[in-house]
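Below is one structure, written out as structure tokens; comments come after it.
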Amino acid sequence: DTAEAEQMVSEEGPFAAIISDLGRVDDRQAGFTLLKRIRQTEIDTPYFIYTTSDLATMLRPVTRLRGAQGITADPDALVQMVVAAIR
């Protein structure tokens, strides 16, 4: 869940990248919730949101404005984005 992920990032990091799902049962925008909390702590690890939703394309500009490097529903695109960010 979001609280557990936030704790892992702060206690076990730094990580090369963070990949979050977009939504969970208790929070349909959990990926953005986690992103906000992480960015408030000034952790600047590259952050990506993976979703099975068709909303990925529509949410791309919002995702960048909120401080993530990308959002996608395509697993190949996710790998390409992460690799490009950590090189």
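Sorting the Cα pairs of the chain by distance into bins of 5 Å, from 0 upward, gives 3, 15, 28, 27, 20, 7, 1 percent per bin.
Each Lys and Arg Cβ is given +1 and each Asp and Glu Cβ -1; about its Cα centre, the chain then shows a dipole of about 420 debye. Relative to the current alpha-carbon distance between A85 and R28, full extension at 0.36 nm per residue lengthens the span by 17.9 nm.
Expressed as a whole percent, the accessible area of the chain that falls on carbon and sulfur atoms is 52 (1.4 Å probe). Entry comment: accessible area of the chain is 65 Å² per residue, from protein heavy atoms only and a probe of 1.4 Å. When both bridge partners sit in the chain, DSSP labels roughly 10% of those beta bridges antiparallel. Counting Lys and Arg as +1 and Asp and Glu as -1 over every other residue whose Cβ lies under 12 Å from the Cβ of A68, the net charge comes to +4.
The values are calculated or read from the model by the stated rules, or taken from the named source; none is laboratory data. None of the values given here were measured: they were computed from a predicted structure. All Cβ positions, glycine included, derive from the backbone under ideal geometry; neighbour counts span all protein chains shown. To get the accessible areas, we keep the full protein, side chains included, count just its heavy atoms, and leave off ligands, DNA and RNA. Shrake-Rupley method; radii C 1.70, N 1.55, O 1.52, S 1.80 Å.
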